[in-house]
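What follows is one structure encoded as structure tokens, with my remarks underneath.
The values are calculated or read from the model by the stated rules, or taken from the named source; none is laboratory data. Quick caveat, the model's predicted, so the values are computed rather than measured. Reconstructed Cβ throughout: ideal geometry from the backbone, glycine too, with neighbour counts over all protein chains shown.
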């Protein structure tokens, strides 16, 4: 299926850009007329994915974070967030709640949060090459008000 609209972003993996990424994706998604809760869920999932790129993917270095948003039909958004950082050795293990490589200040719930706030989540990673997180969210169709 071909997307009906798309947006592409890239920015440095500075923690100050996390809020920008979350807001940019939410602004793009707003054309699907999501509820406030749906938009909040999407913002939270994006926030977690971008934070993973910054904290884990690039560790103590700065690299590029890439976000591709695609709208399919009238209700679905796909958000792909990618880094060219260190990669994840064991994706299945990394997706386990409470697993973290980020030390004790990290809760290890990033992927669990992404999973619970989106409808579909795929994670691909190669050590030394980076990680791609693909999230899809279906917004509930609502009657349009004209006037």
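A few remarks follow.
- Taking the numbered list (1) in contact with a helix residue (DSSP H, G or I) (Cβ under 9 Å, 6 or more places away or on another chain); (2) assigned to a helix (DSSP H, G or I); (3) in contact (Cβ under 8 Å) with a residue 24 or more places away in the chain; (4) crowded, with 17+ Cβ neighbours inside 10 Å in turn, residue 44 passes all entries but (4).
- Considering (1) crowded, with 16+ Cβ neighbours inside 10 Å; (2) modelled with pLDDT of 95 or more; (3) farther than 21 Å from residue 141 by Cβ; (4) touching a strand residue (DSSP E or B) at 6+ places or on another chain (Cβ under 9 Å), the lone condition that residue 76 does not fulfil carries the number (3).
- Checking each residue in segment 47-59 for being at pLDDT below 95 and in a loop (DSSP other than H, G, I, E, B) picks out only 59.
- As a summary of the residue check, residue 62 satisfies the conditions (1) at pLDDT 95 or above; (2) under 19 Å from residue 32 (Cβ atoms); (3) out of contact with any helix residue (DSSP H, G or I) (no Cβ under 6 Å at 6 or more places or on another chain); (4) not in a strand (DSSP E or B) except for the one numbered (2).
- Taking every residue in segment 6-27 that is without any contact (Cβ under 8 Å) to a residue 24 or more places away in the chain and at positive phi and pairing it with any residue that is in a helix (DSSP H, G or I) and surrounded by 12 or more Cβ atoms within 10 Å (Cβ to Cβ), at least 6 positions away or on another chain, yields no pair with a Cβ-Cβ distance below 8 Å.
- Of everything listed in (1) assigned to a loop (DSSP other than H, G, I, E, B); (2) modelled with pLDDT of 95 or more, the single unmet condition for residue 104 is (2).
- Selection within segment 1-32 - crowded, with 17+ Cβ neighbours inside 10 Å and out of contact with any helix residue (DSSP H, G or I) (no Cβ under 8 Å at 6 or more places or on another chain): 24, 28, 32
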